[in-house]
Ligand code: ZN
């Protein structure tokens, strides 16, 4: 590969980045289903990781635009001088890091930028499990818990962006002793049901615990309370549950059943159809990043 432009001088390749707390997935292609180069680099310090990512892209062709689905919190207000920054994050060394601006300047192309979960819900809306939905939510349950909402094709931002993982669920009767691990709130949803919270209580990932271990019911209960809350707030046609913890066998079915119980048939929905796994597997964020890149060009026109 080389850096250059096509014969007619018009670059037609998009860059896409899924910037996560443990790894960055980088891709180049004309679209998500025609990726010509892809790589993964670990998330170390901003200098190392962003430097390696920029070097990788600079070894490829000139890009028409780049889209970034980024862990956060991030600044999404285009009028802010800090637009495209990771702001105050619990990830050591990454607070106040310019991400979007750095890629835009060094790769000399328009940048589309959003949260990781907004990128994922955008990907699922355009090509996956949320196609045709007026309102859909993507939730990741992994190292942290976060949710992105899309309304009529537009990811929801508001004042900054939703922080759905930090709601406070009612404590499960068999889980009253654990303090929770969220550094801000202790026993918020992320503090109780994220991958690290599960490990802190039971010393293993959920999928490594026997199917009859009480952890399965406790975690399903918290995530079901969350789903019932999302139904009450947004009336979504689809709630997509992704992330590492959701790989646990039977967890999705437990949540569907329990959400139905909690909802008491009050909401007009079918839990089997409304709550779903991602349709794009672990590609939701990258697919969304391609859409963000495409939108960055549309926004400029
Ligand atoms: Zn929290």
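The values are calculated or read from the model by the stated rules, or taken from the named source; none is laboratory data. All values derive from a computational prediction rather than experimental measurement. Note that each Cβ is placed from the backbone with ideal geometry, even for glycine, and that neighbours are counted across all protein chains shown.
Some observations on this one:
- Among residues that are without any contact (Cβ under 8 Å) to a residue 24 or more places away in the chain, touching a strand residue (DSSP E or B) at 6+ places or on another chain (Cβ under 8 Å) and surrounded by 14 or more Cβ atoms within 10 Å (Cβ to Cβ), residue 162 is included.
- The residues listed here are 262, 252; of these, the one that is more than 20 Å from residue 145 (Cα to Cα) and part of a helix (DSSP H, G or I) is 262.
- In region 146-167, the condition of being within 16 Å of the ligand (Cβ to nearest atom) and more than 16 Å from the chain's Cα centre (by Cα) is met by at least one residue.
- Among the candidates 93, 148, 144, 84, residue that is crowded, with 16+ Cβ neighbours inside 10 Å and either over 24 Å from residue 234 (Cβ atoms) or not assigned by TED's automatic domain parsing to the domain that holds residue 222 (or both): 84
- Residue in region 178-190 that is within 13 Å of the ligand (Cβ to nearest atom), closer than 20 Å to residue 252 by Cα and free of Cβ contacts under 8 Å to residues at least 60 places away in the same chain present: yes
- Screening residue 240 on (1) assigned to a helix (DSSP H, G or I); (2) crowded, with 21+ Cβ neighbours inside 10 Å shows it passes everything except condition (1).
- Any hit, region 1-12, residues being at pLDDT below 95, in the same structural domain as residue 287 (by TED's automatic domain parsing) and under 23 Å from residue 287 (Cβ atoms): yes
- Hey, residue 252 within 15 Å of residue 277 (Cα to Cα), surrounded by fewer than 18 Cβ atoms within 10 Å (Cβ to Cβ) and in the same structural domain as residue 162 (by TED's automatic domain parsing) or not: yes
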